[in-house]
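Everything on this sheet refers to the single structure shown next.
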Number of protein chains: 2
Amino acid sequence: MKPDFQPLLKSLSLKTTPKRIALLEILDDEKVYLSPEAIWKKMQKLFRSIGLPTVYRILDELHEGNIISRVLHPDRKLYYYLCRNEEHHHHFICVSCNKVEDLHFCAEKEIETLVVKGMKGKVLSHILQINGLCSRCLTEQVPAHG
Amino acid sequence: MKPDFQPLLKSLSLKTTPKRIALLEILDDEKVYLSPEAIWKKMQKLFRSIGLPTVYRILDELHEGNIISRVLHPDRKLYYYLCRNEEHHHHFICVSCNKVEDLHFCAEKEIETLVVKGMKGKVLSHILQINGLCSRCLTEQVPAHG
DNA sequence: CGTTAAATAGAAACTGTTTCTATTTGCGAA
DNA sequence: TTCGCAAATAGAAACAGTTTCTATTTAACG
């Protein structure tokens, strides 16, 4: 069940190139977040000649257009994944298998109150990221990395 | 009022070198988080010859020993600051002046419940970072960067 | 099909960080 | 206080992830 990404690209005034479609399909297939390099390696199986800069550029464009989300991993690298949730939410990241799960929880109101009333400041954005082990990795006793 | 950092270093089995003391004093003076390079520049005023790798190494050691905290900035660089709070807390970061304020708020319980009961997973760590404008920058209408 | 602006490959540059090796220095022992 | 050695450091170089640059290719529109 591959979604039709053409209208999505069109809405961002991006041309529908095979590489953009392939990258979106790769992210759509994965339930884990991927590094640009991992995406590049998957792309190389589909295109005999594709540069890493192309992957970076496409990721930037799609992230810019809010089609894909990215995670700032504790290892200081950026990881990307396709996020289908429109509403505001946060991420649970399994440090063992890299799976991302959306958490429909947000402490927005508490934060807003603390910052506005407590500090007389203003909230521009907030990041809530939970690192842990998903149910599968937990039961399988896979050693966590990081 | 400079604290005596010697026993602190000793407790980590780190030798009390002028550079380690100076770095701690620089961080103690600042109420903002600093990049390794910014710290290096301040160090260069005190030591005619100091390498950037030395700054990185000292920062790593102190961070390892839980003496200093670090922030993973949206610009993907690491910033460091001296954190005097022992208890678990989170950070408000002013994107205009880089000041860090501790927020004594934590959604730990809600997160725990969601992950354990909802996902049957396990929480290893969590990051809550609030980016905004502090009261001073807000009233001064300083344009925010980032 | 032809045109044109957008997209891409490949090389090279850039930046923050780490590693390596020879030299220097803090500090416990004598 | 001086000695000896492990720890700390300088400076160069390497490294990794990411970005920039330029010539070439390609999608989209008429």
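No value in this document is a laboratory result; all are computed from the given coordinates. This is a predicted model, so every value here is computed, not measured. Note that each Cβ is placed from the backbone with ideal geometry, even for glycine, and that neighbours are counted across all protein chains shown.
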B:Ile68 long-range amide H proximity, modeled H, under 5 Å: B:His63
Chain B: angle of helix B:52-64 to the longest principal axis, Cα-based, in degrees nearest 10: 50 degrees
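Roughly speaking, what % of Cα-Cα pairs in chain B are separated by over 18 Å, rounded to a whole number?
Percent of Cα pairs beyond 18 Å in chain B: 63.
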Relative counts (whole %) of C-alpha pair distances in region A:86-146, using bins that are 5 Å wide: 4, 17, 20, 15, 14, 11, 9, 6, 3, 0
Prolate/oblate/rounded call for region B:14-59, Cα gyration tensor, a/c under 1.5 rounded: rounded
Ascending list, in nanometres, of distances separating the A:Glu112 label from those of the other copies (7 Å, Cα toward Cβ): 2.7
Extension gain, A:Thr113 back to A:Asn66 (0.36 nm per residue minus Cα-Cα distance, nm): 14.2 nm
Among B:Val55, B:Val115, B:Val100: highest mean-square fluctuation, GNM of chain B, C-alpha pairs under 10 Å: B:Val115
Two-decimal Rg/Rh across the protein assembly as shown, once Rg and the Kirkwood Rh are taken from alpha-carbon atoms: 1.01
Degrees separating the helix B:18-29 axis from the principal Cα axis of chain B, which is the longest one: 50 degrees
Three principal axis lengths of region B:1-84 [C-alpha, angstrom, descending]: 34, 29, 24
